[in-house]
Amino acid sequence: MRLELGDRNTRAGAVAFNAPLIDEMLTLRISGELLNTDGFVSNPTRNTNRYDAREQKAARVALRFDPSKNIDSVLKFSHQENYGGHDFIEYENYPEERINTSDHAAREGSTIDSLNLRVGLDALPELRFESETTYFQANYDRLEDFDNSQLPLGTLYRFSDIESVETELKALVNLRKLSLVAGVFLRTSLMMRLLVPTWV
């Protein structure tokens, strides 16, 4: 476990947990991380000193299953969130002050989820087969006052969604003086949506 405190209301922490569920066969690992900070940019227009505040979260779970001496597998899930405000500043005031005078709130970041399964089979001392399949989903959005002024001239907004499945199959041959690898990689996009930058 790790805990950290800093200026600008910065708080960070991490934790990890390992548990053998079945000796030499089934093992569980859980970990997580967290970061929150008010950032360094003030916005007098919106009366806030945390205009570029940032928040990060991550959680991971891994399950290793080895049912026999020649079969091994790992199932992993991860979730990540990374969001923050706008760090653009008016350089005529820097470095004495870090100021943004935009009239609109700002936010940019993404959420990512992935599920991964890897399986290995030692068919012979010289021959191994491996397969790895990953489900991936990501959401990104960005909102900011693109004119960076106190006037309500408009804001910029865009987002994207990506969802895909990837599979990799490999055969590995390890001889005394020669190693060979042959495989195939497949990728299927289940969804891809992108909104180009627009004025709101």
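The values are calculated or read from the model by the stated rules, or taken from the named source; none is laboratory data. Treat the numbers as computed from the prediction; the structure is a model and nothing was measured. Because the Cβ atoms are built from the backbone with ideal geometry, glycine has one as well, and the counts that use them run over all protein chains shown. Note: accessible area is taken over every heavy atom of the protein model, side chains too, but ligands, DNA and RNA are not part of it. Shrake-Rupley method; radii C 1.70, N 1.55, O 1.52, S 1.80 Å.
Under the convention that each Lys and Arg Cβ holds +1 and each Asp and Glu Cβ holds -1, the size of the dipole of segment 28-168 around its Cα centre is about 600 debye.
Quick one: plug the Kirkwood hydrodynamic radius of the chain (C-alpha pairs) into Stokes-Einstein at 20 °C, 1.002 mPa s, and report D in µm²/s. It comes out at roughly 103 µm²/s. Here the Karplus curve 6.51 cos²θ - 1.76 cosθ + 1.60, taken at θ = phi - 60°, turns the phi angles of segment 164-177 into couplings of 8, 10, 10, 9, 10, 10, 9, 10, 10, 10, 10, 9, 4, 10 Hz, with x standing for Gly and Pro. Think of the chain as having a plus end and a minus end, set by charges on the Cβ of Lys, Arg, Asp and Glu; of G39, I162, L5, I162 sits farthest toward the positive end of this dipole. For the options S149, S179, S160, a Gaussian network treatment of the chain with springs between C-alpha atoms closer than 10 Å singles out S179 as fluctuating the most.
Here the 3J(HN,Hα) profile of segment 149-156, calculated from phi with Karplus coefficients 6.51, -1.76 and 1.60 at θ = phi - 60°, is 9, 7, 7, x, 8, x, 10, 9 Hz, Gly and Pro shown as x.
The convex hull of the Cα atoms of segment 74-174, projected and averaged over all directions, covers 10.3 nm².
Dipole of the chain computed with +1 at Lys/Arg Cβ and -1 at Asp/Glu Cβ about the Cα centre; of L28, V119, Q80, farthest Cα towards the positive end is V119.
Accessible surface for the chain, divided over its residues, is 66 Å² per residue with a 1.4 Å probe. 3J(HN,Hα) along segment 57-65: 9, 8, 9, 9, 10, 10, 10, 9, 10 Hz, from the Karplus curve 6.51 cos²θ - 1.76 cosθ + 1.60 with θ = phi - 60°, whole Hz, x for Gly and Pro. Name the residues whose placed amide hydrogens come within less than 5 Å of the amide hydrogen of R50, ignoring near sequence neighbours (fewer than 5 apart) on the same chain. Under 5 Å from the amide H of R50: N43.
Taking only protein heavy atoms and a 1.4 Å probe, the accessible area of the chain is 58% carbon and sulfur. Report relative contact order for the chain in percent, whole number only (criteria: Cα-Cα under 8 Å, sequence separation at least 6). Result for the chain is 13 percent. For T37, the accessible surface of its heavy atoms amounts to roughly 30 Å² (probe 1.4 Å, protein chains only, rounded to the nearest 10).
Counting only GluC sites (Glu not before Pro) that DSSP places in a loop and that have at most 11 other Cβ atoms within 10 Å, the longest clean stretch of the chain runs over 97-200.
When the Cα positions of S189, N93, L143 are compared along the charge dipole of segment 72-200, S189 comes out farthest toward the positive end, with charges on each C-beta of Lys, Arg, Asp and Glu. Accessible surface of R158, taken over heavy atoms with a 1.4 Å probe and every protein chain present, rounds to 80 Å².
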